[in-house]
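The values are calculated or read from the model by the stated rules, or taken from the named source; none is laboratory data. Everything quoted here is computed from the prediction, not taken from an experiment. Positions of Cβ are generated from backbone atoms using ideal geometry, with glycine treated the same way; all protein chains shown enter the neighbour counts. Each accessible area value is taken on the protein alone, full model and side chains, heavy atoms only, with ligands, DNA and RNA left out. Shrake-Rupley method; radii C 1.70, N 1.55, O 1.52, S 1.80 Å.
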Amino acid sequence: MIGARRGIGGPGGIEPLLIIGLILLAYGFLRGGLVSPVQNAADDPVNFVAWIIALVLGITVHEFMHAYAATRLGDDTARLLGRLSLNPMAHLDPFGTLLIVLAGFGYGKPVPFNESRLRSALGVSAVALAGPFANLVLAFVCAIPLRFGDAEMLDGAYGVVLEAIVFYNCILAIFNLIPIPPLDGSNVVYGLLPPQQKYTWRSYQQYGPMILLALLFFGAQFLRVIVFGPALFLFRLFTGLNF
């Protein structure tokens, strides 16, 4: 995810979102709709480790590429804040990581940028697309051994980890393209709008996190159609496997 340094949030804006998120988490557990991956770690440690590797690697590469694209387009805000790094600790968000551990999904710390410094008129869209594109490239590269490698060599933890990296990076790419703030799709749309409509779109962003949380907890069927369906298609296209 990326976040403009102006027009996003405000004093005390994080606390209500955290409270709402925790309430929804508690509601999900009470209903039995959420199962923490940690609960299954002892039963299937290989898949658990593969899941951690896939998400940490995916989030790190995703956020790094946002910072790299912004720097290449003229804004060094992310670089000065230490985000032009492949160190996962530079990109993990506390609440996003908590969600990953407890609910199996989450997000990285948004990469800040200053759109007025970007050289291209479409710079915001380009920076936003860099993250999902990086996830797809990572998925494609890790799929090569699965498609062309020796079956015996891939029969074990190595193959499980590669499959997890491919699958979860396809999910990260597709999920982040949903045009709901603070996901990247919102900034892709913003970068393509005329100046007058950009202001209207920015005013909508303050409601985005709440809409997104509601979608995550109550729109499971919708997410299966728009995220998991395309992600499975890409996984099979890249690997030649059925998942």
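Under 8 Å between Cβ atoms, at least 6 apart or on separate chains: pull out the pairs that start in the stretch 128-152 with a residue that is over 13 Å from E163 (Cα atoms) and end on any residue that is not β-branched (V, I, T) and not in a helix (DSSP H, G or I).
That search, which allows pairs on different chains as well, returns G131/M1; P132/L177.
Which of (1) in contact (Cβ under 8 Å) with a residue 12 or more places away in the chain; (2) surrounded by 15 or more Cβ atoms within 10 Å (Cβ to Cβ); (3) assigned to a helix (DSSP H, G or I) is the odd one out, the single condition K198 does not satisfy?
Unmet condition: (1).
Could you check how many residues of the stretch 133-178 are over 22 Å from L241 (Cβ atoms) and at pLDDT 95 or above?
Summing the residues that are over 22 Å from L241 (Cβ atoms) and at pLDDT 95 or above in the stretch 133-178 gives 2.
Identify, please: which residue in the stretch 152-165 is part of a helix (DSSP H, G or I) and open to solvent by 80 Å² or more (accessible area, probe 1.4 Å) and is, among those, farthest from I53 (Cα to Cα)?
E152
Name the single residue, out of those in the stretch 208-241 being at pLDDT below 80 and open to solvent by 80 Å² or more (accessible area, probe 1.4 Å), that is farthest from G149 (Cα to Cα).
Looking at the filtered set, the residue picked out is M210.
Which residue out of Y168, Y190 is of a type in the set (F, W, Y), within 14 Å of the chain's Cα centre (by Cα) and surrounded by 14 or more Cβ atoms within 10 Å (Cβ to Cβ)?
Y168
Find all pairs meeting these conditions: Cβ atoms under 8 angstrom apart; at least six residues apart or on different chains; first residue within the stretch 61-89 and at positive phi; second residue buried (at least 21 other Cβ atoms within 10 Å of the Cβ) and assigned to a helix (DSSP H, G or I).
Close Cβ pairs satisfying both conditions: G74/G123.
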